[in-house]
């Protein structure tokens, strides 16, 4: 009996000192012990876990070889989700409900939405907010509209709320600060690999066009083409699946015919709505430049050339270089070259007619433009 007490004390000391970890209990064992201790100074108050919770963590440690593997696996998941985990993910990894509640009560985790937890308190960047919204919405959810546009780099600001799209067959309880749209085409409009999940660039642009002016829609499409984020053909294909799209006819016209050599719809509109409707002189169409090129509209008597850039993407870098060479060649022969764009021709043809008339007048035209049938025609305001 004299020697048994020290031996027992030594055995207990080794257990508390770390032998438990060597037996495979790891971090899970440490938390079980801590959960039963009286809170120390500065520690958040919490209710001790029942012995069964420790037993379950110990059993899990025995099965996996290390209870830390539970949190290790969840840590990898959280890192891939901007520090976020869900209730189902935690339970699926083997964590108990009481362990989840303890982390929330102790302040180690923060609840952002029902069943969605931030494991890095203090981190509240936009990616966290957006990812939390998707996790709260559940299966099939994807960022859309301004949120998707911000994620793609199409907009500089994400908007005041997170916007998401979910399959129409799902009934989602809308989380706070999230605007959810249900759609039968949610799966088809969601990009297959982008993370966080979001609608494709093409459908994102068309979603924004649904709620904006024609000028705004055309401007965003043009920038996306210039930045090589999408192509006219991909947008055209997406638009073909949306029969109720706002500005659909004009957007199809702006995209232009996809077969090379077709006449631009913008050129037809310029002749009809700008030149003809306002009584401007008739230009020579597609006049040859002498080096295989052509000028869209040449007012030979007034040495003025009006080029119509009718397609939003135009021709990319090579097209701009070709346009520049053509403009410089015209300048060497005394011709002034100006460029007009599809959105100007469609949205403000009267104001454009006033500008062209002023250019012609500066180069010798003695006539005056006439007002067209539009009630607010800009020509009526010309003194």
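The values are calculated or read from the model by the stated rules, or taken from the named source; none is laboratory data. Source: prediction; values computed, not measured. Heads up, the Cβs are rebuilt from the backbone with ideal geometry, glycines too, and the neighbour counts pull from every protein chain shown.
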**Fill in**
Picking from 252, 205, 214, the residue that is free of Cβ contacts under 8 Å to residues at least 60 places away in the same chain and under 21 Å from residue 146 (Cβ atoms) would be 205
**Prompt:** Would you call residue 191 within 28 Å of residue 226 (Cβ to Cβ) and either surrounded by 22 or more Cβ atoms within 10 Å (Cβ to Cβ) or in contact with a helix residue (DSSP H, G or I) (Cβ under 7 Å, 6 or more places away or on another chain) (or both)?
**Reply:** no
**Message:** Can you find, within the stretch 199-219, the residue that is farthest from residue 245 (Cα to Cα) among those that are part of a helix (DSSP H, G or I) and touching a strand residue (DSSP E or B) at 6+ places or on another chain (Cβ under 8 Å)?
**Reply:** 204
**Prompt:** Can you name every residue in the stretch 220-249 that is touching a residue at least 60 places away in the same chain (Cβ under 8 Å) and either touching a strand residue (DSSP E or B) at 6+ places or on another chain (Cβ under 7 Å) or under 19 Å from residue 265 (Cα atoms) (or both)?
**Reply:** 221, 222, 225, 231, 232
**Prompt:** Can you pull out the residues in the stretch 177-187 that are assigned to a loop (DSSP other than H, G, I, E, B) and either surrounded by 14 or more Cβ atoms within 10 Å (Cβ to Cβ) or in the same structural domain as residue 117 (by TED's automatic domain parsing) (or both)?
**Reply:** 177, 185
**Complete:** residue 338: passes all of (1) surrounded by 12 or more Cβ atoms within 10 Å (Cβ to Cβ); (2) at pLDDT below 90; (3) under 30 Å from residue 235 (Cα atoms); (4) over 33 Å from the mean Cα position of the chain (by Cα) but (2)
**Message:** Anything in the stretch 51-95 that is in a loop (DSSP other than H, G, I, E, B) and modelled with pLDDT under 55? List them, or say none.
**Reply:** 65, 66, 67
**Prompt:** For residue 247, which of the numbered conditions (1) at pLDDT 90 or above; (2) over 17 Å from residue 217 (Cα atoms); (3) within 33 Å of the chain's Cα centre (by Cα) fails to hold?
**Reply:** (2)
**Message:** With the requirement that a residue be surrounded by 23 or more Cβ atoms within 10 Å (Cβ to Cβ) and within 27 Å of residue 100 (Cβ to Cβ), what does the stretch 136-154 give you?
**Reply:** 136, 137, 141, 142, 143
**Complete:** The condition from (1) closer than 23 Å to residue 342 by Cβ; (2) free of Cβ contacts under 8 Å to residues at least 24 places away in the same chain that residue 168 misses is numbered (1)
**Complete:** For strands (runs of 3 or more DSSP E) lying entirely in the stretch 96-176, having 2 or more residues that are within 16 Å of the chain's Cα centre (by Cα) picks out 162-167
**Message:** Could you check the stretch 266-293 and list, in sequence order, the residues that are at pLDDT 85 or above and either at positive phi or outside the structural domain of residue 335 (by TED's automatic domain parsing) (or both)?
**Reply:** 279
